[in-house]
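J.: Could you have a look at this structure, given as structure tokens, before my questions?
FYI, it's all coordinate maths here, none of it is from the lab. What you are looking at is a predicted structure, and each value in this text was computed from that prediction instead of being measured. Note that we place each Cβ from the backbone using ideal geometry, even for glycine, and neighbour counts take in every protein chain shown.
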Amino acid sequence: MFTVNAYAAPSATGGLVPTTIERRDVGDHDVLIEIKYAGICHSDIHTVRGDWGPQTYPLAPGHEIAGIVTGIGAAVTKHAVGDRVGVGCMVNSCGECANCQAGEEQYCLAGNTGTYGAVDRDGTITQGGYSTHVVVAENFVVTIPDGLGLDVAAPLLCAGITTYSPLHHWGAGPGKKVAVVGLGGLGHMAVKIAHAMGAEVTVLSQSLKKLEDGLELGADFFHATSDPATFELLAGSFDLIINTVSAAIDINAYLRLLTLDGALVNVGAPAEPLPVQVFSLIMGRRSFAGSAIGGIRETQEMLNFCAEHGIGAEIEVIPAEKINDAYERVLASDVRYRFVIDAATL
């Protein structure tokens with residue numbers, strides 16, 4: 001084991017503080033990464049504050065990691081020292097179940113190992129990217145193409161793949177009308193990616209406050225959901241709706257915006273149940289679905305796609321000492337559109 005600098009939550013109620021955490025020694029199939037940037041995801045806040053269940057503290061969050069390989073195990077073949085790499089929301093899985101064998105490790109039937117707050121293969125609790133270094137099994141490390149800056153690439157490891165995966169799976173592309181609910185960390189990536197895929201993109205936001213941003217990001221249309229006329233105007237319009245918000249919304253109202261055989265896919269994770277009226281589905285052969293992140297293969301595909309199309313996250317880079325301020329600003333929706341920690345300041 002060796003010690004690295006980090007920011008961690010000592011409890012569910014206090015702020016994050018500078019500290020040190022332990023990393024395992026580099027094994028035969030491990031990669032040692034010097035972290036350059038780590039994105040702040042809303043789920044980091046939910047997790048460290050215990051919103052999604054009790055945690056083991058101290059806990060260093062962060063699953064949007066971009067950095068440089070500085071060491072490899074004796075049996076590593078996929079990465080070399082000096083490579084530009086990333087780590088997303090998981091660092092291991094069983095590798096044996098049907099889903100893992102299909103390249104869908106995020107849906108591992110035994111449960112994948114999260115980048116932080118999960119029980120690792122050695123029985124320790126994983127610690128995330130708010131740190132200077134991390135050791136990860138080579139199969140869960142992806143290559144960041146040269147065309148992407150490490151700072152704008154970091155949020156792609158969660159926000160990018162979380163939106164790319166359903167857009168890809170449900171066939172967003174030319175001739176398809178896609179709506180994105182919410183224009184935040186996830187939503188702004190959904191707009192960029194859907195636009196690059198060739199779909200007609202509409203943003204559905206509570207107000208028109210971000211209208212100019214939405215159009216600049218690639219949206220063709222922008223509507224305020226606080227206006228009841230929006231739901232009358234757009235009824236039966238969309239082949240695919242990606243709901244990126246984590247707050248409870250009237251799912252049935254949005255289902256009625258789908259075309260025949262359209263799908264509404266939730267990638268946001270509200271704490272409250274979302275009641276669905278079955279007739280909202282039946283009358284139009286509509287689907288209500290959910291999607292998590294992508295597997296490692298699809299994450300690499302997403303990064304290559306983003307590099308090809310010049311897509312990075314819209315970011316505000318902050319020093320580590322501003323992490324707690326950033327958390328409050330995320331909760332107040334005061335970021336456009338992702339905070340990224342400069343790991344050199346840890």
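J.: Counting DSSP beta bridges with both partners in the chain, what percentage is antiparallel, nearest 5?
T.: 55
J.: Which whole-number percent gives the relative contact order of the range 160-290, counting Cα pairs below 8 Å spaced six or more residues apart?
T.: 22
J.: Choose one answer from LEU109, LEU257, LEU211: the residue with the largest mean-square fluctuation in a GNM of the chain with alpha-carbon springs under 10 Å.
T.: With Cα springs under 10 Å in the chain, the top fluctuation among LEU109, LEU257, LEU211 is at LEU109.
J.: Long-range amide H contacts for THR225: which residues qualify at under 5 Å (H placed 1.01 Å from N, peptide plane, sequence gap of 5 or more or a different chain)?
T.: Close amide H contacts, sequence-distant or interchain: SER205, GLN206, SER207.
J.: Whole-Hz Karplus ³J(HN,Hα) for the range 183-191, in order, using 6.51 cos²θ - 1.76 cosθ + 1.60 and θ = phi - 60°, x for Gly and Pro?
T.: Karplus-based 3J(HN,Hα) across the range 183-191 equals 10, x, x, 6, x, 5, 6, 4, 5 Hz.
J.: Still on this structure: Candidates (i) 34; (ii) 39; (iii) 59; which is the computed percent of Cα pairs over 30 Å apart?
T.: From the options (i) 34; (ii) 39; (iii) 59, the structure gives (i).
J.: Hey, another quick one. Would you please put 111-118, 213-220 in order of how densely packed they are, using the mean number of other Cβ atoms within 10 angstrom per residue and starting with the highest? Can you show the working numbers first?
T.: On the way: 111-118: 20.8, 213-220: 19.2.
Per-residue mean Cβ counts within 10 Å order the peptides as 111-118, 213-220.
J.: Sort 33-40, 51-58 by the packing proxy (mean of other Cβ within 10 Å over each peptide's residues), most packed first.
T.: So the peptides 33-40, 51-58, ranked by packing, come out 33-40, 51-58.
J.: Quick one: check the C-alpha center-to-center distance for the range 1-74 versus the range 218-238, whole angstrom.
T.: 40
J.: Moving on. Test of understanding: in a Gaussian network model of the chain with alpha carbons linked when under 10 Å, which of PRO61, PRO155, PRO319 would top the mean-square fluctuation ranking?
T.: Taking springs between Cα atoms under 10 Å, the residue moving most is PRO319.
J.: Also: Which of the peptides 285-291, 156-162 is most tightly packed, and how do the rest follow, judged by the mean count of other Cβ atoms within 10 Å per residue? Can you show the working numbers first?
T.: Working: 285-291: 15.4, 156-162: 29.9.
Ranked by mean Cβ neighbours within 10 Å, highest first: 156-162, 285-291.
J.: Measure nothing fancy, just the Cα-based angle from helix 159-169's long axis to the longest principal axis of the chain, in degrees from 0 to 90, nearest 10.
T.: 50
J.: Through the Karplus equation 6.51 cos²θ - 1.76 cosθ + 1.60, θ set to phi - 60°, convert the phi angles of the range 66-76 into ³J(HN,Hα) values in whole Hz; use x for Gly and Pro.
T.: 10, x, 10, 5, 10, x, 9, x, 4, 9, 6
J.: Do the sum for the chain: with -39,500 (n - 2.57) for every DSSP H run of n ≥ 4, divided by all residues, what is the mean residue ellipticity at 222 nm, to the nearest 500 deg cm²/dmol?
T.: For the chain, the value works out to -6500 deg cm²/dmol.
J.: So who's got an amide H within less than 5 Å of the one on GLY71, skipping anything under 5 residues away but keeping other chains? H placed 1.01 Å off N, in plane.
T.: Here LEU32 satisfy the definition.
J.: Also, I was wondering about something else. Using amide H atoms built in the peptide plane, which far-off residues or other-chain residues are under 5 Å from GLY262 H to H?
T.: Here the answer is SER287, since their amide H atoms fall under 5 Å of that of GLY262.
J.: Work out from phi, with θ = phi - 60° and the Karplus expression 6.51 cos²θ - 1.76 cosθ + 1.60, the ³J(HN,Hα) of each residue of the range 298-314, listed in order in whole Hz, and give x for Gly and Pro.
T.: 3J(HN,Hα) across the range 298-314, in whole Hz: 6, 5, 5, 4, 4, 4, 5, 4, 5, 5, 4, 9, x, 9, x, 6, 7.
J.: Compute the FRET efficiency between ILE68 and ASP220 as 1/(1 + (r/R0)^6), taking r as their Cβ-Cβ distance and R0 = 41 Å, and round to the nearest 0.05.
T.: 0.60
J.: Rank ALA332, ALA80, ALA172 by mean-square fluctuation in a GNM of the chain with C-alpha springs under 10 angstrom and give only the top-ranked residue.
T.: Taking springs between Cα atoms under 10 Å, the residue moving most is ALA332.
J.: Which of rounded, prolate or oblate describes the range 160-290 when judged by the alpha-carbon gyration tensor and an a/c cut-off of 1.5?
T.: Rounded, since a/c falls under 1.5.
J.: If contacts are Cα pairs under 8 angstrom and at least 6 residues apart, what is the relative contact order of the chain in percent? The partial results should precede the final answer.
T.: Details: 832 pairs, mean separation 62.4, N = 346.
Relative contact order here is 18 percent.
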